[in-house]
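Computed from the coordinates by the stated procedures, all read-outs in this text should not be read as laboratory data. All values reported here derive from a predicted model rather than from experimental measurement.
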Amino acid sequence: MTGMIVFAFALRRIGQSPCNIRLAQAAKRIIDEADDTIVVVVQRTTAIALRELGISVKHIIERRPGYEGSEEVVRQAARVFRQKGIKEVILVAQPFLQLTKCIQLVRKAGFRTPSFWKLCRMIGWIGFDRQSVQPWTRGPVRLVFYTFRQMFLGYRPPPELSE
């Protein structure tokens, strides 16, 4: 049995972000090609997109107070995976910067993951969403700036920008 975490990227208040649709499509491709049973844990917006693609989702990240962030997603997913005895986790996230952070978080939690490059090939292009309410998901320069603010200044976005 293998675990999978499908992260969200780029939130729209109305409708689905094309980034989350592409993340859901990547997850569906990976699930469809898998030889093993995959236990899928998803963020809420990607869960909606997966359901629209016909994928049943049983483990959806619970909304908590404050900004959710990748750390909370991994924390909740790790609890599910430990209960099921899962040791290896496939990550589906924006390959540009988000995936690197998610791999580090999942490995720190004690799970194995495929290599960054293998995951990039599995996921494909996700892109950005100029209509996202989250400014850092609107383009690569904004995401780099956001990442530096997080890393060096401890920046946490306001809760209203959480998925």
Interchain or long-range residues, amide H under 5 Å from residue 39's placed H: 2, 3, 4
Karplus (6.51, -1.76, 1.60) ³J(HN,Hα), θ = phi - 60°, over segment 124-140, in Hz, Gly and Pro reported as x: x, 6, 10, x, 9, 10, 5, 9, 5, 6, 9, x, 6, 9, 8, x, x
P(r), alpha carbons of segment 45-163 - 5 Å bins starting at zero, rounded %: 2, 9, 17, 22, 25, 17, 7, 1, 0
Fluctuation leader among 57, 89, 39 - the chain, Gaussian network, Cα springs under 10 angstrom: 57
Candidate aspartates and glutamates - alpha carbon under 18 Å from residue 101, same-chain residues fewer than 8 apart omitted: 68, 71, 72, 88, 163
Principal-axis tilt of helix 98-108 within the chain, Cα atoms, nearest 10 degrees: 50 degrees
With Cα atoms, 0 to 90° folded angle of helix 18-33 axis to the chain main axis: 10 degrees
Other-chain or far-sequence residues with amide H under 5 Å of residue 17's (modelled H): 12
Most fluctuating residue given options 135, 65, 114, as computed from a GNM of the chain linking Cα atoms under 10 Å: 65
For segment 146-156, Karplus couplings with θ = phi - 60° (6.51, -1.76, 1.60), whole Hz, Gly/Pro x: 4, 4, 4, 4, 5, 5, 9, 10, x, 4, 10
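For n ≥ 4 DSSP H runs only, could you compute -39500 (n - 2.57) per run for the chain, divide by its residues and tell me the 222 nm figure to the nearest 500?
On the way: 6 runs with 74 residues, N = 163.
So the helix-based figure for the chain works out to -14000 deg cm²/dmol.
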Proximal lysines relative to residue 28, as straight alpha-carbon distance under 19 Å, when same-chain residues fewer than 8 apart are discounted: 58, 118
Per-residue HN-Hα couplings for segment 44-57 [Karplus 6.51, -1.76, 1.60; θ = phi - 60°; Hz; x = Gly/Pro]: 4, 5, 6, 5, 4, 5, 5, 4, 5, 8, x, 9, 6, 10
Residues whose placed amide H lies under 5 Å from that of residue 163, excluding near-sequence neighbours: 68, 69
Choice from 100, 46, 37 showing the highest fluctuation, given a GNM over the chain with Cα pairs closer than 10 Å: 37
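Can you tell me the relative contact order of segment 2-161? Whole percent, Cα pairs under 8 Å, sequence separation 6 or more.
29 percent
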